[in-house]
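Peer 1: There's a structure below that I have some questions on.
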Amino acid sequence: MCSPVSPAPHNKVTFHVMVMTFFSILSLLALGQCLGEWHTMPTAGIMGWLTATIGFLALAVCARPGPEGEKLAKQAIPLALACVLGMFAGIQLTTAGFAYRSDIAIWLLLCGLAVLYAARKGVPTLHECRTRVLPVVMLGFLVVSVRTIRNDPRPLSDVFMLQQASAEAMVKLRNPYTASIPNIYGPGSPYYIPLTRNGRTLYGLGYPPLIAVLNLPAYLLTGDVRYGQMLALLISCGLLALMRTSWLALCGGVLLLINPFSLPMIEYAWIEPTVILILCLTLYSVSRYPKAVPYLFGLFLSSKQTNLAILPLAWMLVDRAHGWKGLLNFLGKSLAVTVAISLPFYLWNPDAFMLSLVTVQLHVPMRADLISFAAYAASKGWFVLPSWFSFLYLPIGIYLGLWKTRRSEAGFAAASAMLLIPFFAFSKQGSPNYFFLGFGMLCCALALTNVSVPPGRSRRPTDPDLLEHPTRTSD
């Protein structure tokens with residue numbers, strides 16, 4: 001059984017909720033800048049922004065500043081959010097492709113006019129922004145995303161082609177892990193491992209079965225899986241804005257769409273929007289539908305291979321009062337969901353399943369064009385890190401999550417980002433879409449900071465998230 005996270009004992013009172021939020025915002029700024037600057041090759045500037053992201057994340061989960069630091073952080077948050085929104089809008093306008101830069105300009109202009117309309121009688125209220133500005137942001141993103149997809153109906157992306165091929169195979173009742181694609185990068189390309197024959201890959205979809213299943217509706221209705229990923233981002237934005245009745249929740253949803261990498265995620269069909277949606281559904285349910293949380297968390301684990309690293313952090317979602325029995329019950333239900341989804345596809349063709357999901361991932365080549373300290377060092381001729389080096393960080397990340405991060409839904413989201421972002425940063429394939437998942441986790445951490453009580457949750461005198469009374473805030 002899972003229920004809202006219970007507060008820590010009174011003797012463990014700390015004052016770092018707003019500080020965690022403030023440094024999470026700075027992490028969002030640095031990571032968004034890092035992704036916005038990346039095009040084909042990492043630069044020293046990009047590596048600097050990535051380093052800043054990890055540094056701010058470490059401060060977010062480890063800082064213990066006391067009540068004065070908490071007060072200063074709370075005062076600085078509005079300015080930090082304004083800077084992030086302004087910077088992201090500017091990056092969108094200056095780095096977007098010419099094909100849809102004018103669309104983005106019109107979108108942002110309409111968003112600005114919506115803000116002015118909400119502020120026509122003074123400072124706009126939260127209710128006005130949620131009901132009048134947020135719909136404009138979401139509708140604008142919908143229009144720009146659709147135009148982006150239509151302007152590039154067949155992107156030169158193996159990720160897109162593999163998902164399309166797997167969806168077509170599923171429609172024809174064939175195994176998605178046997179649906180190969182042409183080697184679009186040519187012989188000797190550094191993008192593929194030596195698993196091609198006669199100009200085609202020997203493997204199929206490189207993602208878990210859940211992704212193959214969730215791609216089907218969009219493919220059947222539109223013939224393009226990217227429409228489903230676009231819808232996933234829009235729903236995630238709405239869920240983030242509704243997680244708490246607060247400006248932070250609203251900004252968390254807006255940042256997920258306004259950030260510089262949201263449109264490239266859609267254009268090239270990366271699956272992280274779907275993974276972020278499942279994460280948002282999981283965290284949205286913690287305080288509203290607690291019985292559903294273990295099963296939703298199981299879906300989250302089933303959506304991408306690297307998500308299994310987050311399994312130990314499930315302890316942060318289990319009510320403290322239930323102890324180890326509650327944790328084992330939670331994990332049992334979550335893993336049962338994962339097995340139930342994956343086992344039929346494994347039994348369908350074990351060799352193809354293992355080749356596409358495991359063998360390919362274990363033998364991917366070093367990619368010097370992606371965002372990774374290991375790849376950057378290798379491209380400069382400094383040194384070559386072994387492929388297992390990034391796995392050495394996982395115990396450190398788990399420790400920081402379980403023993404240093406505030407136990408709450410927001411703490412779980414921040415701890416998950418603290419676990420995965422450095423792991424990707426030291427891996428041999430730091431693809432920008434990997435970091436976008438961390439960006440979504442930070443948006444969740446921002447949205448889940450309680451400055452008021454979410455709908456359906458009663459206000460308790462010992463609620464650890466009642467920020468109006470800092471002395472009641474627990475670790």
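FYI, it's all coordinate maths here, none of it is from the lab. Source: prediction; values computed, not measured. Counting neighbours? That spans all protein chains shown, and the Cβs are built from the backbone with ideal geometry, glycine included.
Peer 1: Which value in Å is the Kirkwood Rh of segment 293-382 over different Cα pairs?
Peer 2: After inverting the pairwise mean of 1/r, the radius is 15.7 Å.
Peer 1: Equivalent-ellipsoid semi-axes (√(5λ), Cα gyration tensor) for the chain, whole Å, largest first?
Peer 2: 34, 27, 23
Peer 1: Specify the angular offset, from 0 to 90 degrees and rounded to the nearest 10, of the alpha carbon long axis of helix 409-425 from the longest principal axis of the alpha carbons in the chain.
Peer 2: It is inclined by approximately 40 degrees.
Peer 1: Now for a separate question. Under Stokes-Einstein, with the Kirkwood radius over Cα pairs standing in for Rh, what whole-number D in µm²/s applies to segment 249-292 at 4 °C and 1.567 mPa s?
Peer 2: My calculation gives 110 µm²/s for D.
Peer 1: Next up: For segment 279-385, which trypsin sites (Lys or Arg not before Pro) pass both filters: DSSP loop (anything but H, G, I, E, B) and at most 12 other C-beta atoms within 10 Å?
Peer 2: K380
Peer 1: Between T306 and F389, what is the label-point separation in nm under the 7 Å Cα-to-beta-carbon projection?
Peer 2: Each label point lies 7 Å from its Cα, and together they span 1.7 nm.
Peer 1: Hey, what angle do you get for helix 209-222 against the long axis of the chain, alpha-carbon based, 0 to 90 degrees rounded to 10?
Peer 2: With both axes taken from Cα atoms, the answer is about 80 degrees.
Peer 1: Next up: Which distance in nm do the two modelled labels at V143 and T43 give, with both placed 7 Å along the Cα-to-Cβ direction?
Peer 2: 3.2
Peer 1: Let me ask something else about it. Please compute P(r) over all alpha-carbon pairs of segment 19-70, binned at 10 Å starting from zero, and give each bin as a whole-number percent.
Peer 2: 28, 42, 21, 7, 1
Peer 1: Using packing as a proxy for protection, rank 120-129, 71-80 so that the peptide with the highest average count of other Cβ atoms within 10 Å comes first.
Peer 2: Packing order, densest peptide first, comes out as 71-80, 120-129.
Peer 1: Now for a separate question. From Cα coordinates alone, what are the radius of gyration and Dmax values for segment 215-335 in angstrom?
Peer 2: Rg, Dmax (Cα atoms, Å): 15.7, 48.
Peer 1: Could you state the angle between the C-alpha long axis of helix 226-243 and the longest principal axis of the C-alpha atoms of the chain, as a value from 0 to 90 degrees rounded to the nearest 10?
Peer 2: Helix 226-243 and the main axis of the chain meet at about 10 degrees.
Peer 1: Calculate, in nm to one decimal, what V171 and L116 gain on full extension: separation in residues at 0.36 nm each, minus their alpha carbon distance.
Peer 2: Gain in length upon complete extension: 15.0 nm.
Peer 1: Estimate the FRET efficiency between A340 and L402 by the formula 1/(1 + (r/R0)^6), using the beta-carbon distance for r and 45 Å for R0, to the nearest 0.05.
Peer 2: So the FRET efficiency works out to roughly 0.95.
Peer 1: In whole angstrom, note down how far apart the Cα centers of segment 225-284 and segment 290-335 are.
Peer 2: 22
Peer 1: Please say if segment 307-358 is rounded, prolate or oblate, where rounded means a/c under 1.5 for a ≥ b ≥ c the square roots of the C-alpha gyration tensor eigenvalues, and otherwise the choice is prolate for a/b larger than b/c and oblate otherwise?
Peer 2: Prolate, because a/c is 1.5 or more and a/b exceeds b/c.
Peer 1: I'm checking a number: the convex hull volume of the Cα atoms of segment 89-166, normalised per residue, in Å³. What is it?
Peer 2: 115
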